[in-house]
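Take this structure first; my questions come after.
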Amino acid sequence: MKTVLMITQKFPPFNGVGVLRVTKFVKYIQDFGWRPVVLTCKLQENHLDAVDEKMLDGVPEDLSIHRVNAPSLYDVYRLVGGRAKQGSFSLSKNSLASLIRSLFVPDQYVAWYFTGVRKAREIFQVENIDAIYSTSPRETPHLIGRTLHLKYKCPWIADFRDPWIEKQHRPKRIQPLEQFEKYLEKIVLRDADGILAAWPGIVRSFEPAVEEKSQVLTNGFDEEDFRGLKPHVFPKFTFLYAGSLFKELSPLPMFEALDVLLQTRPKLRQKIQLVLLGRQDAFVRDTIKKYELEYCVDKIPQIPHRECLEYMLGADVLTFSVPDKQWIPSKIFEYLRAGRPILAIADQDSDAVQIIARVNPDLCFASRDPGHIARYMSNLVRNRGVSDCEIQNNRRLWAFERRHLAKQLAHTLDALVSQV
C-alpha cells in the first residue's frame with residue numbers, strides 16, 4: 001500500500017464544511033490502495049466553539065495525525081490590544097484586525113509554514129511517502145506541499161476548494177503584498193504535478209498550461225452520514241439555509257421575496273419560517289431588521305454535522321445563494337441527497353443549478369427576482385412542498401458519493417506516481 005501525506009490547515013475534531021472534503025478522502029482512500037498520513041494545525045482557542053468529536057467517526061483508527069502549533073492573526077490581534085470574538089465575522093470586519101490580516105500572506109496562519117515543514121521533514125524520515133496532497137483554503141498548506149515536493153522530488157497534488165486570488169473574502173493588500181501573493185499562486189500552480197478543483201469555474205480561471213494538468217473533482221455527500229438519521233420536526237413550514245451567510249453571497253433577493261410573500265399573504269406570518277443554520281454577517285442581520293423579519297427568521301449557531309443533516313431532511317425547502325454563475329457551494333450535494341425541494345438564489349444557467357438539474361430537473365427553482373421567488377414560495381407553502389425525489393435508483397446522484405470521489409483521487413495519485 002502506498003502512502004500519501006495530506007496537508008490541511010483544519011482537520012477534525014474541527015467542525016466546518018471546509019473540513020469535510022479532506023476528511024472523507026482520508027476516510028475512504030485507504031480502500032483504494034493509499035494509506036493517509038495527516039499534517040495539520042492544533043486547535044486554536046478561537047476554534048473551540050467549532051468542535052465536533054463525531055467528525056472523526058469513520059476515520060481509520062490507526063490514522064497517523066501530526067498536529068503542529070499555528071500562531072495566527074488572533075494571537076497578533078490580542079497582543080496589540082484587540083479582543084478576538086469567537087464564532088463571528090466581527091474580527092475580520094474590525095478595522096485593526098483587517099489591517100493586521102492584510103499583512104499576512106497568503107493567510108493569517110502562514111506561521112505554520114515553518115512548524116509544518118519542520119514536522120513534515122520528521123515524517124519523511126520515518127514514513128515512506130509516495131505522494132503529497134495539499135488543500136486550500138487556507139493556502140499555506142500549498143506552500144508547505146511545494147517545499148516538500150522540491151526537496152524530496154515527491155509527486156504533489158494541490159487541491160483547490162475555492163479559487164485563490166479570486167476567492168471571496170480575500171483581504172485587500174498594499175500593492176507589493178498583492179503582487180507577492182499573486183507570485184505565490186503562480187509558483188504553486190506551476191510546480192504542482194497535478195491540480196484538483198472542487199468546481200469547474202476554478203479551472204476556467206487558470207492559464208492553459210495549468211488547465212492541462214487540472215481536473216475537477218467535486219464535493220459530495222457521504223451516505224454513511226445519513227444512516228440512522230431522523231428528520232428534525234419543525235413546528236412551521238420551513239425554508240432552511242445551511243451554512244455561513246454573508247453579503248458577498250448576494251442573499252438579498254431571498255429576504256426581499258420573503259417580505260413580498262408575507263405582505264401579500266399576511267396569514268402566513270405565523271405559519272412559515274426561514275431557518276439560518278450557521279453564521280451571518282452584519283449585512284444579513286441588518287437586512288432582517290430592515291424588513292422586520294425577526295419574528296419569522298430563526299438564527300441557529302453552528303451545530304454538529306449529523307444534526308445539520310437532520311435539519312436538512314426535516315425542512316420543507318432547502319435554499320442557497322451564489323454570487324455568480326461559477327461558484328458551486330458544497331452544501332448542494334447534501335441537499336440533493338436530502339431530496340427536498342431546493343430554492344436557489346442564482347441564475348438559471350449557473351453551474352450549481354445545472355448540476356442539480358442533471359440529477360433531478362424538477363427539484364430546483366432558481367431566480368434572483370424577488371417577485372418570482374415569492375410566487376414560488378407561495379406555491380410551495382400552498383402545496384406543502386413536493387414529495388421526496390427518488391434516491392436509491394438515481395445513478396447521477398451517486399456519482400457524488402464520497403467513496404466514489406475518493407476512488408477518483410486514488411486513481412489520480414496512481415497516475416502521478418507511475419510517471420515518476
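The values are calculated or read from the model by the stated rules, or taken from the named source; none is laboratory data. Small disclaimer: the values here were computed from a predicted structure and weren't measured. Virtual Cβ from ideal backbone geometry, glycine too; neighbours counted across all protein chains shown.
Working only within region 119-143, note down all residues that are more than 21 Å from the chain's Cα centre (by Cα), surrounded by 23 or more Cβ atoms within 10 Å (Cβ to Cβ) and part of a helix (DSSP H, G or I).
ALA120
Mind checking which residues of region 184-215 are under 25 Å from LYS331 (Cα atoms) and either surrounded by fewer than 16 Cβ atoms within 10 Å (Cβ to Cβ) or in contact (Cβ under 8 Å) with a residue 24 or more places away in the chain (or both)?
ILE195, LEU196, ALA197, ALA198, TRP199, PRO200, GLY201, ILE202, ARG204, SER205, GLN215
Taking the condition buried (at least 16 other Cβ atoms within 10 Å of the Cβ) and either within 16 Å of VAL37 (Cβ to Cβ) or at pLDDT below 95 (or both), does GLY116 pass?
Yes, satisfied.
Within the bounds of region 370-388, is there any residue that is more than 30 Å from GLN263 (Cα to Cα) and in contact with a strand residue (DSSP E or B) (Cβ under 8 Å, 6 or more places away or on another chain)? Walk me through how you get there before you give the answer.
First, the residues of region 370-388 that are more than 30 Å from GLN263 (Cα to Cα): none.
Among the residues of region 370-388, not one is more than 30 Å from GLN263 (Cα to Cα) and in contact with a strand residue (DSSP E or B) (Cβ under 8 Å, 6 or more places away or on another chain), which makes the answer no.
Are any residues in region 212-232 over 22 Å from the mean Cα position of the chain (by Cα) and under 21 Å from LYS182 (Cα atoms), and if so, which ones?
Those that are over 22 Å from the mean Cα position of the chain (by Cα) and under 21 Å from LYS182 (Cα atoms): GLU212, LYS213.
A quick yes/no check of all residues on (1) farther than 21 Å from PRO323 by Cα; (2) surrounded by fewer than 14 Cβ atoms within 10 Å (Cβ to Cβ); (3) without any contact (Cβ under 8 Å) to a residue 24 or more places away in the chain:
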| site | (1), (2), (3) |
| --- | --- |
| PHE234 | yes, no, no |
| LEU252 | no, no, no |
| LYS267 | yes, yes, yes |
| VAL275 | no, no, no |
| THR287 | no, no, no |
| TYR291 | yes, no, no |
| TYR295 | yes, yes, no |
| ILE300 | yes, no, no |
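While we're on this one: Criterion first (over 18 Å from the mean Cα position of the chain (by Cα) and either more than 25 Å from SER205 (Cβ to Cβ) or of a type outside the set (Asp, Glu) (or both)) does LYS299 satisfy it?
Working: over 18 Å from the mean Cα position of the chain (by Cα): yes; either more than 25 Å from SER205 (Cβ to Cβ) or of a type outside the set (Asp, Glu) (or both): yes.
Answer is yes for this residue.
Being surrounded by 15 or more Cβ atoms within 10 Å (Cβ to Cβ) and touching a residue at least 40 places away in the same chain (Cβ under 8 Å) is the requirement here; does GLY339 meet it?
Taking the combined requirement at face value, the residue satisfies it.
Which condition from (1) surrounded by fewer than 19 Cβ atoms within 10 Å (Cβ to Cβ); (2) within 21 Å of VAL359 (Cβ to Cβ) is the one that GLU178 breaks?
(2)
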